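Accompanying notes for the structure given below.
The values are calculated or read from the model by the stated rules, or taken from the named source; none is laboratory data. Keep in mind that what you see is a predicted model, and the values were worked out from it rather than measured. FYI the Cβ positions are ideal-geometry reconstructions off the backbone, even for glycines, and counts take in every protein chain you see. All accessible areas refer to the heavy atoms of the entire protein, side chains included, with ligands and DNA or RNA removed. Shrake-Rupley method; radii C 1.70, N 1.55, O 1.52, S 1.80 Å.
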Amino acid sequence: MASGSSSLRKWAWVHKWSSIVCTIFMLLLCITGLPLIFHEEIDDLLHEQVKAAAVPERTPLADLDRAVASGLAAAPKQVAHFLIWDPDDANSLLLSVGPSIDVNPTDNRIIRVDAHTGTFLDAPDLTRRFTYIMLKLHTDMFAGLPGKLFLGLMGILFCAAIVSGIVVYAPSMRKLNFGAYRRERPRIVRWLDLHNLAGILLVVWMLVVGFTGVINTWADLVIKVWQFGQLAEMTSQYADRPPVTQPTSLTAAVATAQQAQPDMKPAFVAFPGSIFSSKSHYGVFMRGNTPLTAKLLKPALIDAATGKLTDTRNLPWYVTALLISQPLHFGDYGGMPLKIIWAALDVITIVVLITGLYLWLRRRQSGSSVERMLAATQAASNDPVLTS
Amino acid sequence: MTSARPGVRRKTIGQVFGIPLLMALLSAIGLVSALVGDGIWDSVSWVMLLFPILLCGYCLRQVQK
């Protein structure tokens with residue numbers, strides 16, 4: 001680089017060490033992430049689900065209070081945390097239940113209820129599913145929040161490795177045409193070419209998926225900040241109120257939220273006392289109708305004692321950033337072709353990781369540094385005698 | 001897309017990063033496009049994100065002859 005070889009050496013150092021630390025974890029994330037791209041299809045294939053009744057379009061929803069009651073009847077000693085409009089199936093509602101309202105909802109059970117008849121469908125044990133095991137390995141390695149934050153740190157190192165990789169790509173390619181693959185040369189050269197080619201082609205995708213993954217590891221913290229920030233602000237005059245014992249109708253609460261946001265649809269309801277609402281409110285989270293706004297949520301807080309709307313506001317930027325980073329990480333926002341492309345890019349990323357790991361191991365063996373290796377590679381490519 | 005030959009001149013930064021920059025731009029369009037809309041927007045996204053994958057395959061196939 002024009003900025004001199006000492007600066008290049010620093011970048012090479014960053015590339016080497018950030019990669020060494022994160023590669024094994026990135027391999028784990030890429031491998032477990034591959035089936036997760038297709039988690040719905042895999043679940044459909046491996047697990048039977050009770051189908052909701054097929055109804056003509058525009059059939060009105062069941063009375064939500066009855067739907068919740070029939071769901072809870074199938075789960076004795078459990079309380080409802082959230083009622084979710086199934087994003088994949090308009091005919092079913094998902095009821096998320098836990099042993100009490102103040103437990104961490106990550107271990108909640110899901111009960112499926114027919115959206116139009118309000119009857120219980122089934123309560124699948126998600127924790128025994130292949131996709132659940134992959135998801136746990138992928139998000140926290142079964143180590144809870146510390147595991148999650150650790151993987152987030154590995155993601156940051158991955159991003160550092162990509163950025164420094166762009167810098168060290170330049171001297172490596174100074175005498176080569178783009179995409180050069182020196183087939184006749186030893187494996188270390190061939191795999192360097194492969195690493196350079198695949199790495200530089202996927203820079204943007206890897207950075208986006210890597211960094212949105214990092215943002216996702218902060219989800220728990222983002223929600224906490226929102227709880228103590230905007231949510232606390234919206235419900236400040238209720239802070240000293242005792243919890244509601246006889247909440248008003250849920251159906252009416254959703255209707256009130258719908259009236260306040262006529263252009264939006266309900267995504268889920270957080271019951272009073274759950275992490276997404278206050279002790280005294282239904283949090284009705286509305287989503288937009290376009291592909292982009294469907295990812296964004298707007299909570300309407302409905303006083304569960306009076307059924308009146310307390311407040312509705314757009315979520316703060318940091319929650320919006322989290323909500324937008326989710327589809328960009330999952331690749332679930334462009335149909336099956338996008339999922340297949342996502343899988344292909346994931347596999348190519350695995351190639352970048354493995355070739356990178358190999359290059360480091362070989363250089364370590366021969367005791368040669370990255371810079372010397374690069375220099376040797378360039379010299380060799382100018383010298384036909386050394387071409388094997 | 002051939003290997004470097006003896007006496008090939010050192011490339012400028014622009015030459016080294018020309019194609020990667022183009023691919024980065026196409027990938028970025030592809031990533032955002034499907035987020036903005038459905039239908040044609042999804043298709044644009046698929047085509048744009050296919051470019052780096054196909055180019056990768058092309059560069060590796062070229063030398064097998």
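I'd like the mean, over residues of A:288-301, of how many other protein chain beta carbons sit within 10 Å of each residue's own Cβ.
Values: counts 0, 0, 3, 8, 6, 0, 1, 1, 0, 0, 0, 0, 0, 0.
Mean number of neighbouring Cβ atoms from other chains: 1.
Any chance you could look up the accessible area of B:Asp42 with a 1.4 Å probe, heavy atoms only, rounded to 10 Å²?
Number for this one is 20 Å².
Taking the Cα-to-Cβ direction at A:Thr119 and at A:Ala255 and moving 7 Å from each Cα, how far apart do the two end points lie in nm?
Reported label-point gap for A:Thr119 and A:Ala255 is 2.5 nm.
Please compute the net charge surrounding A:Ala123, taking Lys and Arg as +1 and Asp and Glu as -1 over other residues with Cβ under 11 Å from its Cβ.
Summing Lys and Arg as +1 and Asp and Glu as -1 gives 0.
Using the Kirkwood formula over every pair of different C-alpha atoms, what hydrodynamic radius in Å results for region B:8-54? Could you put the intermediate results ahead of the total?
Numbers: mean 1/r = 0.0863 Å⁻¹.
It works out to 11.6 Å.
Please list log₁₀ I(q)/I(0) at q = 0.20, 0.26, 0.27 Å⁻¹ for region A:119-168, using the Debye equation with identical point scatterers on the alpha-carbon positions.
Evaluating at q = 0.20, 0.26, 0.27 Å⁻¹ gives log10 I(q)/I(0) of -0.75, -0.91, -0.93.
Within 10 Å of each Cβ in A:325-335, how many Cβ atoms from other chains are there, averaged over the peptide? Don't jump to the answer; show the numbers that get you there.
Details: counts 0, 0, 3, 4, 0, 0, 3, 1, 9, 13, 7.
The per-residue average across the peptide is 4.
Roll a 1.4 Å probe over the protein chains and send me the accessible area per residue for region A:82-218 in Å². Kindly include the intermediate steps, with their values, before the conclusion.
Numbers: 5330 Å² over 137 residues.
It amounts to 39 Å² per residue over region A:82-218.
What is the interface area between chains A and B, defined as buried accessible area summed over both chains with a 1.4 Å probe, reported in Å² to the nearest 100? Could you put the intermediate results ahead of the total?
Numbers: alone 20130 and 5670 Å², together 22190 Å².
Protein heavy atoms only, the A-B interface buries about 3600 Å².
Would you mind putting A:309-316, A:266-273, B:9-16 in packing order, based on average other-beta-carbon counts within 10 Å, highest first? Working shown, then result.
On the way: A:309-316: 15.8, A:266-273: 22.4, B:9-16: 12.9.
Packing order, densest peptide first, comes out as A:266-273, A:309-316, B:9-16.
Where in region A:156-184 does accessible area fall by at least 40 Å² between the isolated chain and the complete protein assembly, at a 1.4 Å probe radius?
Buried-area filter returns A:Arg174, A:Lys175, A:Asn177, A:Phe178, A:Tyr181, A:Arg183.
First measure r as the distance between the Cβ atoms of A:Gln246 and A:Ile223, then evaluate 1/(1 + (r/R0)^6) with R0 = 22 Å and state the FRET efficiency to the nearest 0.05. Show your work: numbers first, answer last.
Details: r = 28 Å, r/R0 = 1.26.
E(calc), rounded to 0.05, equals 0.20.
In whole Å, how far is the Cα centre of region A:134-179 from that of region A:106-128?
About 37 Å separates the Cα centre of region A:134-179 from the one of region A:106-128.
For the protein assembly as shown, count all C-alpha to C-alpha pairs, find those more than 40 Å apart, and express that count as a whole percent of the total.
Working: 31981 of 102378 pairs.
Value for the protein assembly as shown: 31 percent of Cα pairs lie more than 40 Å apart.
Given the pairs A:Lys224/A:Lys279; A:Lys51/A:Lys298; A:Lys265/A:Lys298; A:Lys51/A:Lys136, which are separated by over 21 angstrom at their Cα positions?
Details: A:Lys224/A:Lys279 15 Å; A:Lys51/A:Lys298 30 Å; A:Lys265/A:Lys298 10 Å; A:Lys51/A:Lys136 27 Å.
Result: A:Lys51/A:Lys298; A:Lys51/A:Lys136 exceed 21 Å.
Tell me the label-point distance for the pair A:Gln365, A:Thr106, using the 7 Å Cα-to-Cβ offset, in nm and rounded to one decimal.
4.0
Can you pull the percent of Cα pairs in region A:232-328 with separation above 15 Å? All intermediate terms of the calculation are to be shown ahead of the outcome.
Working: 2709 of 4656 pairs.
Roughly 58 percent, rounded to a whole number.
For B:Leu25 and B:Ser43 in the same chain, what is the full-extension length gain: residue separation times 0.36 nm, less their Cα-Cα distance, in nm? Write out the running numbers ahead of the final one.
Details: separation 18, 0.36 × 18 = 6.48 nm, distance 1.65 nm.
Contour length minus the Cα-Cα distance gives 4.8 nm.
Could you work out the mean count of beta carbons from other protein chains within 10 Å of each residue's beta carbon in B:20-27?
On the way: counts 12, 2, 0, 7, 8, 1, 1, 9.
If you average over the peptide's residues, the count of other-chain Cβ atoms is 5.
Hey, what number do you get for the protein assembly as shown at 222 nm if only DSSP H runs of n ≥ 4 count, each worth -39500 (n - 2.57), divided across all residues, to the nearest 500?
Details: 14 runs with 245 residues, N = 453.
Helix-only estimate at 222 nm: -18000 deg cm²/dmol.
Multiply the residue separation of A:Arg187 and A:Asp89 by 0.36 nm, subtract the distance between their alpha-carbon atoms, and state the gained length in nm to one decimal. Intermediate results must be reported in sequence, preceding the final value.
On the way: separation 98, 0.36 × 98 = 35.28 nm, distance 4.96 nm.
Full extension of this stretch gives 30.3 nm more.
Need one number for region A:147-228: average projected area of the convex hull over its C-alpha atoms, nm².
6.7
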